[in-house]
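What follows is a set of notes on a single structure, which appears directly below.
What follows is calculated from the coordinates using simple rules that are stated; it is not laboratory data. Small disclaimer: the values here were computed from a predicted structure and weren't measured. Methodologically, a virtual Cβ is constructed for each residue, glycine included, from the backbone with ideal geometry; neighbour enumeration extends over all protein chains shown.
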Amino acid sequence: MTSSFLVLLPPSETKSDGGNRRLSKKLHWPELEPVRANVRESLLQLAHGSPDAARSALKISPKLAETELERNRALDDAPRKPAIERYTGVLYDAIAAETLSTEGRAWVERHVAIHSALYGLIMAGDPIAAYRLSHDSRLPGAPLKQRWRTHIATALRAHRGPILDLRSKGYVGLGPLDHGADRAWGDVKERLDDGSTRSLNHFNKQNKGLLIRAMAERFAGEAEPSSLAEVMDALSSFASWERRAVGTLDVVR
């Protein structure tokens, strides 16, 4: 990758349908292609086996099983759409990428990376298929953590710019980020009446999405932020930023 500012997001279990079969299948981080192919083959093997075993391994409810398993069976020929449009749910609804300005959408596609259990690291504009696989799914063969952890950590280490990690801890486990002055995991919190803070629960994902949207609106068309300190200063009206420990930032709403 480049020396640009990068934000890491978790994926969503919920995905939109549709897309375009003509879209290129090329993704950022081409060095991850061997692992992507390995995980995809294991997922296809599971999808074409026992439906009950697949449902259990992927932790799918009986109500959603047929839809989700058919998505996995059709992976190779499925239509693609940009990841920022494919993922749905609270976080991605809050970003509302389709309502951003042209410049804001372009900023998101250049600076937001999503960590998928199937694809590994992808950029928000990368074209992906709908699928079902989570960080704690059980595929035939080696565990996902064993397949991904070293490769994701190496790819993140090679990125030369500042990184704000907003992934859930399950995905951090699939590829940790080295900590440093300009590399930190962000914990979204709320301020209590007594001045203390606590991590948000239901509204955690929503506030991460709103933060991405605020970044896109603030930095679109502007010079690249060169440090996390610059990002924090520019977005001080959105949240207060507090360094709790080495490699950890509290984003307090």
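Computed quantities for the displayed model
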item: Cα-based shape type of segment 57-206, given that a ≥ b ≥ c are square roots of the gyration tensor eigenvalues and the cut on a/c is 1.5; result: rounded
item: Inverse of mean 1/r across different Cα pairs in the chain, Kirkwood, Å; result: 18.8 Å
item: Sorted peptide list for 87-97, 225-235, criterion being average Cβ within 10 angstrom, highest first; result: 87-97, 225-235
item: Per-residue [θ]222 nm for the chain (sum of -39500 (n - 2.57) over DSSP H runs n ≥ 4, rounded to 500); result: -11000 deg cm²/dmol
item: Range of Cα positions in segment 193-250 per principal axis (Å), largest first; result: 38, 25, 20
item: Tilt relative to the chain, helix 102-111 - C-alpha long axis, 0 to 90 degrees, to 10; result: 80 degrees
item: GNM flexibility winner over the chain from Leu144, Leu43, Leu100 (Cα, springs under 10 Å); result: Leu100
item: Cross-link pairs Lys145/Lys169; Lys15/Lys81; Lys26/Lys63; Lys26/Lys59; Lys26/Lys81 - those with Cα-Cα distance over 22 Å; result: Lys26/Lys63; Lys26/Lys59
